[in-house]
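Working notes for the structure below.
The values are calculated or read from the model by the stated rules, or taken from the named source; none is laboratory data. If you're wondering where the values come from, they're calculated on a predicted model, not measured in any experiment. Note: ideal-geometry Cβ built from the backbone for every residue, glycine included; neighbour counts use all protein chains shown. With ligands, DNA and RNA removed, areas are computed over all heavy atoms of the protein, side chains included. Shrake-Rupley method; radii C 1.70, N 1.55, O 1.52, S 1.80 Å.
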Amino acid sequence: MPFTNTKENGLESLIVKWLVEQNGYEEGTNADYNKEYAVDETRLFRFLQDTQPKEMAKLGVFTSETKKRQFLNRLSGEIAKRGIIDVLRNGVKVYPADLIMFYLTPTENNEQARIMYEKNVFSVTRQLRYSQDAGKLALDVCLFINGLPVITMELKNQLTKQNTENAVRQYKEDRDFHDLLFSFKRCMVHFAVDDATIQFCTKLAGKDSWFLPFNKGYKDGAGNPPNPDGLMTDYLWKDILTKRKLSRIIENYAQVIEEVDEDTKKKSIKQIWPRYHQLDCVEKLLADVKENGVGKRYLIQHSAGSGKSNSIAWLAHQLIGLEKDGHPMIDSVLVVTDRRILDKQIRNTIKQFMQVKNTVVWAEHSGDLRKAIQDGKRIIISTIEKFPYIISEIGQEHKNNKFAIIIDEAHSGQSGRNSANMNLALSGLATDDEADNEDKINAMMEGRKLVSSASYFAFTATPKNKTEEMFGVPYEEDGEIKHRPFHVYTMKQAIQEGFILDVLRNYTTIDSWYKLMKTVEDDPMFDKKRAQKKLRAFVEGNPDVIAKKAAMMVEHFHEQVIAKKKLGGKARAMVVTASIPRCIEYYYAINKCLADRHSPYKTIVAFSGEHKYNGQEPALTSAAMNGFPDAKIPKEFKKEPYRILIVADMFQTGFDEPLLQTMYVDKPLYDIAAVQTLSRLNRACPGKDEVYVLDFANKTSTIEDAFQRFYRTTILSGETDPNKLYDLITLMESYQVYDDGDVNQLVDLFLGGAERDRLDPILDACTAVYKQLELDDQIKFKSAAKSFVRTYGFLGAILPYGNVEWEKLSIFMNLLIPKLPSPRDDDLSEGILQTIDLSSYRNEAQEAIAIKLEDDDAEIAPVPAGTVGHIVEPEMDLLSKIIMDFNDMFGNINWNDADNVQRQILAIPEMVSKDKKYQNAMKNSDEQEARTESERALQQVIFSIMADNMELFKQFQDNPSFKKWLSDLVFNLTYNPEGKPYLMPGAEPKVVKYDFTPQQDLMMVAEEPVQYGEKKENE
């Protein structure tokens, strides 16, 4: 009785059997294969003769061996030059014939095209002996279309203790890319397959071959899920390699692209094969549009490293190909991005992927979009800032068109007024000059809605609650309506598959210790909370403090990054600063450190606008400081000798530099900003196996919380309650700042195009009433008005029914709010910086840790609606108490062995006083000279007791404040003009107890740095 074949050839048989019996492939043999030209000669000529006999007759290949070789030489040369993908798509010209090498997938109801498509010959050959030189070398599986090789496979079996990695090694070590079958562009892709995972490569290059995962993902991570119906990897032959799916990949996904370095003009050729999640996402989106029509919304949560530009390009060019009843389902695809660096990248990617020329246009100026549609351009690309203005030019003529709108990084673009303007224009209601005010109100309500004539595809790695609610898929759970993305490729999976690096794996926080002192005699009162923030900012912005931190950064970069040859010695670093002044300070401080150590490397500084540093004229710009325009920073940063980029709110999103290996953070980071900033480090490249973060400003818990939300699937926990708008209106009306008459009158005037001087009397009268309110009521009214405008601006896009009164009130409040003066908020901490000075500062790097994230989906709360501000009473305190609290927070020492330290400190004065040089100085010199000798003797004593108390020694060496305190204590206890030795308490009958710690205002405690600055509201 035969047992199950668990060997490698058993897997081979399984695959071939399914392809032949279930998928209509033919099985080829080695006898059919021509090693010299790497073709299945039998099926190649059978296909050509069967489909194009007249063209073949012109060539005479069946009557002359010479003409056959001439044809095969021409075909082989075309594949080598253009690649197998282009040859299949566009055929070959062999004088005097024009040959079709592959019949494309038929369009709907095209019977002739269907017949010809069915004539394509898909075949599979096992154990293919491919080499002319080594006749016994055999490839496990090779797939052919019409006799031309398209895919190779090496198979392994975990039951025989081999896996995909062994298959990859076989490709790298045993499959010579000089062999014709394995040469670049001869085949589309090479698969390494076992029973659990798959990897693929599009260009074999020996040990430099780059294999990528081609797995479904399991539990939002790498790998494949268990398959109840078979092997975990059988989706490869049961889905991907089916005739129709493989044909679609050839026609719409696989691609050879050319990249040109704009500086060197050097060209590089790449062959593209889609990763599994890209193919899965685009195919599912297209199927859903095909089934449900235009008008739905889709959220795609794809992590950095997902290849989003390619996914967008594939989606865009296939959306315009969708047909129903022989007519296009979508007239124009509008790609909207807010990442200026990616504008060109996406534009070029889409252009290269399009097989029909002149279908893509970049709409940059007013009128471009109208002209593009008139000229038959099917794909229009623009930025979110320009898009509403461009699209408003189109007017009524396009209102019956069907659109697909692809939004890149949706959380920053598709909200508020931008989307309202865009939707209004798309609905065709924006240019109706004959509409009355009621029509205009209705049009504005409709404009807020995501229009039914467009499908929206929102791509983001970090979805906010607004984005989830607007574009996510709603579902009910535990009585709540939640929202989740339509498709997910998680940060977890991207890290595990090696497409991005884990930026939290080597995370070092820098603890800071400071001590402030009072510089005024009196003891004034200040607002404690604000004062603490100002004190922290004062310390962190102190030039000496920045100099010390800069020195730590430069030393770390040279000793831990450059010396260790990270990225082959090409590693770059970024310094993230909290403000432009701080950025400029760091620029000068780091440059000084580089000069002091004679470093060959230079810095680049990046900040927006002009800044008068220390009041100097002319104002500084980063372009002037660098000596080249800001637009050139990304390219210059790649060049020597530039290694450190110092930034203030620039290059923290959308900046993809694989050579960036280390980040120094001196800026509080929260939520999405933390993820986006630190993710600048995560781009993978050869030789980049780890990254470093040194953080001077944040707790690890804050960073962990930020990343946790986007590590796996992000789910919205509930929906925004529109009834909160009624609560806000009730609150605002209770203050009687306005009434319905004011709202109606102002809205009528505004929509009727009245002159400005007719609006102001109404607004000014309302403002006068507002000014009479108590301070707390002013705060409540204005915050309620802002909350109403913000919440309605969002809800108006997704609520099924419009509300005329809400729309009118929104117009009214948008005009009134700028008129309302901000409630007077006295700064009761003003002047505190003139009363203090920095006594001491030091910092210390903690041990690098790996921040571990929970392996769970994250829920985010819906948009907060109905929130109203109120007065926060300042907590007043004495300057001395504020300084004491600050020093407690940032400067104290937590002794691990307090008893031992106390014993040592009590013994030190006696030991110092026995020093002969110190005794002579006390007797024969002045007090200053004696103090010098006391400090010298103290240094020797500290070294002598180092073995007994390393903790005390470390504090004395590293903590200037503690060293000063101990020096003062010892000298004050021991100094006497007679030079007598000091006796330790207990040696005399009278017991004297000495406090070994400083006074409360001198104490120093080590704590993690706390954040300063307000946390932004999560909108």
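Quote the relative contact order of the stretch 632-753 in percent (integer), defining contacts as alpha-carbon pairs under 8 Å separated by 6+ residues.
Relative contact order, the stretch 632-753: 22 percent.
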Check your understanding: Quick one: if you stick a label point 7 Å off each Cα along the C-beta vector at Q940 and Q745, how many nm between them?
Key -> 9.3
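Would the stretch 612-697 count as rounded, prolate or oblate if I go by the C-alpha gyration tensor, calling it rounded below 1.5 in a/c and otherwise prolate when a/b exceeds b/c, oblate otherwise? Walk me through the numbers on the way to the answer.
Numbers: a/c = 2.24, a/b = 1.37, b/c = 1.63.
Cα axes put the stretch 612-697 in the oblate bin.
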Check your understanding: So what does M525 come to for accessible area, using a 1.4 Å probe and Å² rounded to 10?
Key -> 100
Review point. Of the cross-linked pairs K402/K466; K466/K786; K564/K632, which ones have a Cα-Cα span greater than 20 Å in the structure shown?
Key: K402/K466; K564/K632
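How do W314, W362, W806 stack up against each other in accessible area, from largest to smallest, with a 1.4 angstrom probe? Show your work: numbers first, answer last.
Details: W314 0, W362 55, W806 20 Å².
The residues order as W362, W806, W314, largest area first.
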Exercise for review: Please report the relative contact order for the stretch 588-628, taking Cα pairs under 8 Å with a sequence separation of at least 6, and give it as a percent rounded to a whole number.
Suggested key: 29
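How large is the charge dipole for the stretch 624-720, taken about the Cα centre, if only the Cβ atoms of Lys, Arg (+1) and Asp, Glu (-1) carry charge, to the nearest 20 debye? Numbers along the way, then the final one.
Numbers: 12 positive and 14 negative charges, 60 e Å.
I would put it at about 300 debye.
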Review point. Can you tell which of S679, P658, G741 lies farthest toward the positive end of the dipole of the stretch 641-773, using +1 and -1 charges on the Cβ of basic and acidic side chains (Lys, Arg; Asp, Glu)?
Key: P658
Review point. Which value, in Å² rounded to 10, gives the accessible area of K81 with a 1.4 Å probe and all protein chains present?
Key: 140
Exercise for review: Report the accessible area of E323, computed with a 1.4 Å probe over the heavy atoms of all protein chains in place, in Å² rounded to the nearest 10.
Suggested key: 60
Check your understanding: With all protein chains present and a 1.4 Å probe, how do M232, M950, M922 order by accessible area, largest first?
Key -> M950, M232, M922
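Could you pull out the pairs from K482/K780; K284/K308; K592/K638; K724/K808; K548/K638; K35/K68 whose alpha carbons sit more than 19 Å apart here?
Values: K482/K780 31 Å; K284/K308 16 Å; K592/K638 22 Å; K724/K808 17 Å; K548/K638 27 Å; K35/K68 15 Å.
Result: K482/K780; K592/K638; K548/K638 exceed 19 Å.
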Practice item. Only Lys, Arg, Asp and Glu count, each charged at its Cβ (+1, +1, -1, -1), so figure out the dipole size of the stretch 195-241 about its Cα centre, rounded to 20 debye. Key: 180
Study note, to complete from the structure: Rounded to the nearest Å, the spacing of the alpha-carbon centers of the stretch 259-307 and the stretch 183-208 is 20
Exercise for review: Evaluate the relative contact order of the stretch 664-708 (contact order divided by residue number), counting alpha-carbon pairs under 8 angstrom at least 6 apart; express in whole percent.
Suggested key: 67
**Study point:** Unit charges at the beta carbon, dipole of the stretch 1-135: most positive-side option, N23, L128, Q52
**Key:** Q52
Review point. Check Y642: other-chain or 5+ apart residues with amide H under 5 Å from its amide H, H built from backbone geometry?
Key: K602
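Provide K852, K156, K35 ordered by accessible surface of protein heavy atoms (probe 1.4 Å), highest first. Present the calculation step by step, with values, prior to reporting the outcome.
Details: K852 150, K156 15, K35 70 Å².
I get K852, K35, K156, largest accessible area first.
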